[in-house]
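Written out below as structure tokens is the structure these notes cover.
The values are calculated or read from the model by the stated rules, or taken from the named source; none is laboratory data. Keep in mind the model is a prediction, meaning the values are calculated, not measured. As a convention, Cβ positions derive from the backbone with ideal geometry for all residues, glycine included, and neighbour counts pool all protein chains shown. Just the protein is used for accessible areas: all its heavy atoms, side chains included, with ligands, DNA and RNA removed. Shrake-Rupley method; radii C 1.70, N 1.55, O 1.52, S 1.80 Å.
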Amino acid sequence: TLAAFFGQVFLLGGPTAAVFCLVCTTDPRLVLFSIGGAFWWALSALVASTWWYAIAPMQRYPAFTIGFAVAFQELFRWGFVSLVTWFEKRVNMLTGKKELPSVVLLGLASGVGTAAIYACVEIVPVL
């Protein structure tokens, strides 16, 4: 029913939306970091699922598949952090601004983006 749908959406996305609105919107870089974290998580899930479909024998061994999925996610997370670090250095050289958000805030923003895209992926089968 419609009431169940909205209840699940608010329960699943409410805390993530609250943290995003209260913390991430204070700095535009945190918003970009959140969107980037969501994009890179979705990209790693796409690569892991493509890998799973491409290699048919992997479908019979879930432990092997989960290991590769986690490895892909960690590899993409490392690539995302490397890209952000490289980009931040270049922007700071151009603007002369040396202030960076704290590592805790950057991690929180990335986690909020990841949680938001994960919630979207999880709510689709319910629809």
About its Cα centre, what dipole magnitude does the range 64-117 give when the only charges are +1 on Lys and Arg Cβ and -1 on Asp and Glu Cβ, stated in debye to the nearest 20?
200
Quick one: grab the alpha carbon gyration tensor of the chain, order the square roots of its eigenvalues as a ≥ b ≥ c, and give me rounded if a/c is under 1.5, else prolate or oblate depending on whether a/b is larger than b/c.
oblate
For the chain, set up a GNM with springs between Cα atoms under 10 Å and report which of 36, 96, 67 has the largest fluctuation.
96
Probe 1.4 Å, heavy atoms of protein chains only: per residue, the accessible area of the chain in Å² is 69
Sorting 10, 80, 68, 39 on solvent-accessible surface, 1.4 Å probe, most exposed first, gives 10, 39, 68, 80
Where does helix 2-22 land angle-wise versus the long Cα axis of the chain, in degrees 0 to 90, nearest 10?
30
With the full set of protein chains in place, find how many percent of the accessible area of the chain is carbon and sulfur; take the probe as 1.4 Å.
77
With the 8 Å Cα cutoff and a minimum separation of six or more residues, the chain has a relative contact order in percent of 46
Here, trypsin sites (Lys or Arg not before Pro) of the range 53-97 satisfying both criteria (DSSP loop; at most 10 other Cβ within 10 Å) are 97
Can you run phi through the Karplus equation (6.51, -1.76, 1.60; θ = phi - 60°) for the range 41-47 and list ³J(HN,Hα) in whole Hz, with x for Gly and Pro?
5, 5, 5, 5, 5, 5, 5
